[in-house]
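Single-structure report; data block below.
The values are calculated or read from the model by the stated rules, or taken from the named source; none is laboratory data. Since we're looking at a predicted model, the values are computed, not measured. We place every Cβ from the backbone using ideal geometry, glycine too, and count neighbours over all the protein chains shown.
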Amino acid sequence: MLILNKTAGVFFKPSKRKVYEFLRSFNFHPGTLFLHKIVLGIETSCDDTAAAVVDETGNVLGEAIHSQTEVHLKTGGIVPAVAQQLHRDNIQRIVQEALSASRISPSDLSAIATTIKPGLALSLGVGLSFSLQLVGQLKKPFIPIHHMEAHALTIRLTNKVEFPFLVLLISGGHCLLALVQGVSDFLLLGKSLDIAPGDMLDKVARRLSLIKHPECSTMSGGKAIEHLAKQGNRFYFDIKPPLHRAKNCDFSFTGLQQVTNKRIMKKEKEEGIEEGQVLSSAADIAATVQHTMACHIVKRTHRAILFCKQRDLLPQNNAVLVASGGVASNFYVRRALEILTNATQCTLLCPPPRLCTDNGIMIA
Ligand code: KG4
Ligand code: ZN
């Protein structure tokens, strides 16, 4: 841990030589080091070990990430103990890479910020204990971070967004609609009653054995579905949109997953193939699932926009909808949300895909 042990000297009666040595050893970044606070962010809530160094104006000074996707694809899902071990194996290297890229000495950090919830307990524990050790070693303040708040506020790194705005967070572990009224001031409008949309896509992709598809073998379930859906018929089979009678902004994706499973079983019988082989209609199934999911997400978001406008919680014109989380990197979902925001005089803002999925920058 060479870089993590480096500390800058402080002199009581500095001689010229000592001042010279001190300045030479100092990692000087004009405009950042002396003027801005600098935070190291650490994220290990799920299956990405990520770290970043960001200054208070939002400049990303360095970042690093290790994704466990390939390993979990092989085991057919995230095994918490495996995720924990992979975080343990990688966290020190990733933090060191982010610090090296930033050329900031650990002693010059203003604080260390780490995801503390929500997420997989075993994964969160690795980031937390690593951070607390570092905090003790460097004597720096610790900032506990709520993973979903970080996703919701990421847009403020790339766009000038005023409060209040509406946020839609759709990922593998979470699904919610909230009104963001301030940095830590969220009004929850709706959430998934069962699984998150990314989890549903991952399960469908697994059931379709897309890992065996030559074009999708290294992709996450959601990305594989998006990729295949481009070649498929989105009206391949009928699925009722979930919760279509519910007069609220909640979501549900389990029904969609179960209906799709039944369809896959039926098709396997028709085509005379075993579970574990790729169906000839995999692209059509992917397109139908993606389309139904997007329609559901858009309908619930539409309700949230109407609700907020009716109660003057959002401006009547140019209200901002922020969509973030892994599933918000899906271009079909984004296009559907764009149609909604155009029709309701709102503006849709999405962080770039690499900031939509888990990363250290959003934590810092
Ligand atoms: O935000 P994220 O990296 O981690 C969580 O906090 O869950 O999201 C990961 C999820 C996975 O379920 C993955 O299948 C999904 O986001 N995902 C996508 C796409 N890329 C990743 N879903 C749909 N379309 C994509 N292009
Ligand atoms: Zn996330």
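Just one of the numbered conditions (1) buried (at least 22 other Cβ atoms within 10 Å of the Cβ); (2) free of Cβ contacts under 8 Å to residues at least 40 places away in the same chain is not true of Thr288: (2). Only one of the numbered conditions (1) of a type outside the set (S, T, N, Q); (2) in contact with a Pro (Cβ under 8 Å, 6 or more places away or on another chain); (3) modelled with pLDDT of 95 or more; (4) within 11 Å of ligand 1 (Cβ to nearest atom) is violated by Val204, and that is (2).
Identify all residues within segment 181-223 that are of a type in the set (Gly, Ala, Ser) and in contact with an Asp or Glu (Cβ under 6 Å, 6 or more places away or on another chain); write none if there are none. Passing the criteria: Gly190, Gly221. Within segment 207-220, restricting attention to residues that are part of a loop (DSSP other than H, G, I, E, B) and in contact with a helix residue (DSSP H, G or I) (Cβ under 8 Å, 6 or more places away or on another chain), the residue that is nearest to ligand 2 (Cβ to nearest atom) is Ser220.
For segment 163-180, what are the residues that are surrounded by fewer than 23 Cβ atoms within 10 Å (Cβ to Cβ), more than 16 Å from ligand 1 (Cβ to nearest atom) and in contact (Cβ under 8 Å) with a residue 24 or more places away in the chain? Result: Pro164, Leu179, Val180. Taken over segment 168-193, the criterion of being away from ligand 2 (no atom under 13 Å from the Cβ) and in contact with a Phe, Trp or Tyr (Cβ under 6 Å, 6 or more places away or on another chain) is satisfied by Ala178, Val180, Gln181, Gly182, Ser192.
Yes/no per residue for (1) over 26 Å from Leu321 (Cα atoms); (2) crowded, with 20+ Cβ neighbours inside 10 Å; (3) modelled with pLDDT of 95 or more; (4) not β-branched (Val, Ile, Thr):
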{"position": "Met219", "(1), (2), (3), (4)": "yes, yes, no, yes"}
{"position": "Ile225", "(1), (2), (3), (4)": "no, yes, yes, no"}
{"position": "Lys247", "(1), (2), (3), (4)": "no, no, no, yes"}
{"position": "Gln277", "(1), (2), (3), (4)": "yes, no, no, yes"}
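Per-residue answers, yes or no, for (1) free of Cβ contacts under 8 Å to residues at least 24 places away in the same chain; (2) within 16 Å of ligand 2 (Cβ to nearest atom); (3) touching a Pro at 6+ places or on another chain (Cβ under 8 Å):
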{"site": "Gln68", "(1), (2), (3)": "yes, yes, no"}
{"site": "His72", "(1), (2), (3)": "no, yes, no"}
{"site": "Leu86", "(1), (2), (3)": "no, no, no"}
{"site": "Arg93", "(1), (2), (3)": "no, no, no"}
{"site": "Thr154", "(1), (2), (3)": "no, yes, yes"}
{"site": "Lys160", "(1), (2), (3)": "yes, no, no"}
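When segment 350-362 is filtered for residues that are buried (at least 18 other Cβ atoms within 10 Å of the Cβ) and not hydroxyl-bearing (Ser, Thr, Tyr), the ones remaining, listed by number, are Cys350, Pro351, Leu355, Cys356, Asp358, Asn359, Gly360, Ile361, Met362. Just to verify a result, which residue in segment 129-184, among those that are small (Gly, Ala, Ser) and outside the structural domain of Leu349 (by the TED database), is farthest from the chain's Cα centre (by Cα)? Looking at the filtered set, the residue picked out is Gly136.
Set side by side, the residues Val289, Val320 differ, and just one is touching a Leu at 6+ places or on another chain (Cβ under 9 Å), more than 16 Å from ligand 2 (Cβ to nearest atom), over 28 Å from Arg207 (Cα atoms) and at pLDDT 95 or above, which is Val320. If you go through segment 89-145 and keep only what is β-branched (Val, Ile, Thr) and over 18 Å from Asn359 (Cα atoms), you end up with Ile104, Val135. Taken over segment 120-145, the residue count meeting the criterion of being at pLDDT below 95 and either surrounded by fewer than 16 Cβ atoms within 10 Å (Cβ to Cβ) or of a type in the set (Gly, Ala, Ser) (or both) is 0. In the set Phe186, Phe163, Phe130, only one residue is among the aromatic types (Phe, Trp, Tyr) and part of a loop (DSSP other than H, G, I, E, B); that residue is Phe163.
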